[in-house]
Amino acid sequence: MARVPYLDATDLREEDRDQLARPINLNRALVHSIPASRSFWQMGNWIRFDATVDRRLREMAIMQVGYTARSAYEWSHHVQLGMKDFGVSEADVRALIDESEGRSSGLPALDRAVLRLAREMTTGIAGSREAFEVIDAALGHEQTTELVLMIGFYNGVVRYLETMEIDVEPEYQQYLDQFPLPKA
């Protein structure tokens, strides 16, 4: 049960109802602060629609944050988004889990470095020089900067989700069943 009540469009002023165009639990909690919700989605939409980092690679990094943080909400939502909209395959999801568990994944070096950086930034404050150098050599400074900001942003998202105890909607449970999070 979330720590704040989930709001519906009828709870909001008419001019703010656009914030619940997608009435998922995350949004229904965020709208307790409309300015924060608008700012949150400005960054989120830039990541989704305007960033230049490869969409599959971006989703893999976001999924890695959710998996590493053991955030059921983040993990389930981005597994669904990644597989439905951004070219992430079931094999990619399984490879991410293998990488997380220290097993060989068969992923290319760039993918492994991105996942490593996301894990390092989630479990610590900074990513390693080794992961960064592989990414920067492959993507260049602009996309590397974008990727580090994305990982940082989603580390903030999982902390919000977990602190606020945002519930996973029933339609996303199938992704948690198919790809369970690691035990604490």
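Taken together, the values in this text are just the output of simple stated rules run on the coordinates, not laboratory data. These numbers were taken from a predicted model, which means no experiment stands behind them. Don't worry about glycine lacking a Cβ; one is built from the backbone with ideal geometry, like all the others, and counts go over all protein chains shown.
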Added length on full extension, which subtracts the Cα-Cα distance from 0.36 nm per residue, residue 80 to residue 32: 14.7 nm
Highest average packing first - 164-170, 8-14, Cβ atoms within 10 Å: 164-170, 8-14
Post the alpha-carbon centroid distance, the range 27-46 to the range 58-87, in whole angstrom. 19 Å
Rounded to the nearest 10 degrees, the helix 34-45 long axis (Cα) sits at an angle to the longest Cα principal axis of the chain of 30 degrees
From the helices alone, meaning DSSP H stretches of at least four residues, give me the mean residue ellipticity at 222 nm for the chain, per-run term -39500 (n - 2.57), in deg cm²/dmol to the nearest 500. -20000 deg cm²/dmol
Cα-Cα pairs above 27 Å in the chain: how many percent? 27 percent
Cα shape, the range 24-105, gyration tensor, a/c 1.5 rule: prolate
In which sequence would 63, 83 go, from the one with the fewest C-beta neighbours within 10 Å to the one with the most? 83, 63
With the 8 Å Cα cutoff and a minimum separation of six or more residues, the range 23-178 has a relative contact order in percent of 32 percent
For 154, 172, what ranking results if the residue with the fewest other Cβ atoms within 10 Å of its Cβ goes first? 172, 154
Restricting attention to the alpha-carbon atoms of the range 10-65, what are Rg (one decimal) and Dmax (integer), both in Å? 13.3, 38
The range 84-169 - convex hull of the alpha-carbon atoms, volume per residue in Å³: 126 Å³
Just want the ordering: 24, 62, from fewest to most Cβ atoms lying within 10 Å of their own Cβ. 24, 62
Looking at 115, 93, 62, which one has the Cα that reaches farthest to the positive end of the dipole of the chain (charges on Cβ: Lys, Arg +1; Asp, Glu -1)? 115
